[in-house]
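Asks: Below is a structure I'd like to ask you about.
The values are calculated or read from the model by the stated rules, or taken from the named source; none is laboratory data. These numbers come from a predicted model, not from an experiment. Here the Cβ is made from the backbone with ideal geometry for all residues, glycine too, and neighbour counts use every protein chain on show.
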Amino acid sequence: MSIIDTIVQGVLLGGLYALFAAGLSLVFGIMRLVNLAHGDLIVLAAFLILLLSSALGLNPFFAALIAAPLMFVAGWALQYFVLNRTLGNDVLPPLLVTFGISTVLQNGLLEAFSADSRRVSIGALEGASTGLGPLNVGLMPLITFLSALTVIFGLNQLIYRTALGRAFRATSDDIVTAGLMGIRPQRIFAVATGLAMVVVTIAALYLGTRANFDPTSGPSRLIYAFEAVIIGGLGSLWGTLAGGVILGVAQTLGAAVNPEWQILAGHLAFLAVLVIKPRGLFPRAVD
């Protein structure tokens with residue numbers, strides 16, 4: 001039973017990693033942009049939720065509802081006025097610019113909030129648990145995993161069943177032809193990044209309520225997000241969920257053997273997948 005409990009805990013942890021990775025996967029799938037500031041944007045959203053919940057006395061879930069449209073606007077503006085200028089055949093400019101944004105965000109958060117570790121309190125929910133068959137699991141990890149399922153299902157429905165999704169896919173497949181058909185790629189890219197920032201806010205909510213964070217926490221979250229995306233296959237949202245689950249299960253199994261092996265086990269699982277399937281488990285088909 002203990003091994004089953006360990007695997008279940010790993011699956012639930014994978015939901016958090018999938019939320020970290022979903023926004024990154026969305027942006028890469030549409031515009032092939034690798035955002036090195038993604039982890040720092042998650043931490044920025046976590047501090048925004050903390051600020052709103054403490055200053056206004058709001059429940060963190062309501063604070064996230066306020067933070068999400070603010071992050072959407074920030075993501076839209078960042079893409080439209082800054083990142084769109086870096087897109088092209090050369091992958092280096094986006095990497096350099098997002099690295100610079102990462103550095104600015106970390107130092108700005110250090111100046112605003114100091115280097116102290118913070119956490120968003122959710123009261124009784126922090127220690128609440130519920131029965132899952134013969135197992136007893138934490139309520140927040142379960143809510144996190146269900147949120148990851150909902151987010152990825154919602155993004156897939158948006159991409160494959162709406163006019164905006166058709167514009168996303170058309171722009172991703174052929175930006176020149178999409179422009180000739182009346183689509184404005186710069187605006188489509190900005191909307192995509194705005195949506196990614198909404199997902200970032202959801203990830204930040206669960207990051208802040210389940211673990212401590214500080215202004216320098218972003219790079220480690222970026223690594224988990226990258227590993228989940230690459231394990232699942234670049235551009236595949238359901239693959240991102242699978243990648244997060246594999247990463248989470250590997251970490252919990254490693255921790256069960258030796259607590260010091262938790263992070264190492266996740267990295268080893270990542271390397272093993274790369275050796276067997278260099279393009280990930282469920283890569284998006286390339287026409």
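Asks: Among the residues of the range 247-262, what is the count of those that are loosely packed, with under 14 Cβ neighbours inside 10 Å and either among the charged types (D, E, K, R) or not in a loop (DSSP other than H, G, I, E, B) (or both)? Spell out how you get there, then give the answer.
Replies: Residues of the range 247-262 that are loosely packed, with under 14 Cβ neighbours inside 10 Å, as a first pass: 257-260.
Add one more test, that the residue is either among the charged types (D, E, K, R) or not in a loop (DSSP other than H, G, I, E, B) (or both), and what stays is 257, 259-260.
Within the range 247-262, residues that are loosely packed, with under 14 Cβ neighbours inside 10 Å and either among the charged types (D, E, K, R) or not in a loop (DSSP other than H, G, I, E, B) (or both) number 3.
Asks: Turning to a different aspect of this structure: Is it the case that some residue within the range 70-81 is surrounded by fewer than 13 Cβ atoms within 10 Å (Cβ to Cβ) and in contact (Cβ under 8 Å) with a residue 24 or more places away in the chain? Outline the logic, then answer.
Replies: Let us first name the residues in the range 70-81 that are surrounded by fewer than 13 Cβ atoms within 10 Å (Cβ to Cβ), namely 73, 81.
Narrowing the set further to residues that are in contact (Cβ under 8 Å) with a residue 24 or more places away in the chain leaves 73.
Yes, because at least one residue in the range 70-81 is surrounded by fewer than 13 Cβ atoms within 10 Å (Cβ to Cβ) and in contact (Cβ under 8 Å) with a residue 24 or more places away in the chain.
Asks: For G23, only one of the following conditions fails: (1) in contact (Cβ under 8 Å) with a residue 24 or more places away in the chain; (2) not in a helix (DSSP H, G or I). What is its number?
Replies: (2)
Asks: Still on this model: Check whether at least one residue in the range 127-136 is closer than 24 Å to S217 by Cα, surrounded by 12 or more Cβ atoms within 10 Å (Cβ to Cβ), of a type in the set (A, V, I, L, M, F, W, C) and in contact (Cβ under 8 Å) with a residue 24 or more places away in the chain, and report yes or no. Steps first, answer last, please.
Replies: Taking the range 127-136 first, the residues closer than 24 Å to S217 by Cα are 127.
Of the ones still in play, those that are also surrounded by 12 or more Cβ atoms within 10 Å (Cβ to Cβ) are none.
No, the range 127-136 has no match at all.
Asks: Inside the range 147-189, can you point out the residues that are at pLDDT 90 or above and assigned to a loop (DSSP other than H, G, I, E, B)?
Replies: Of everything in the range 147-189, those that are at pLDDT 90 or above and assigned to a loop (DSSP other than H, G, I, E, B) turn out to be T162, R184.
Asks: Please enumerate the residues belonging to the range 106-126 that are within 17 Å of F61 (Cβ to Cβ), out of contact with any Ser or Thr (no Cβ under 9 Å at 6 or more places or on another chain) and of a type outside the set (A, V, I, L, M).
Replies: Within the range 106-126, the first condition is being within 17 Å of F61 (Cβ to Cβ), and the residues that meet it are 119-126.
Then keep just the ones that are out of contact with any Ser or Thr (no Cβ under 9 Å at 6 or more places or on another chain); that gives 123-124.
G123, the sole residue that qualifies.
Asks: Among (1) out of contact with any Asp or Glu (no Cβ under 8 Å at 6 or more places or on another chain); (2) over 23 Å from D214 (Cβ atoms), there is one condition S114 misses while meeting the rest; what is its number?
Replies: Unmet condition: (2).
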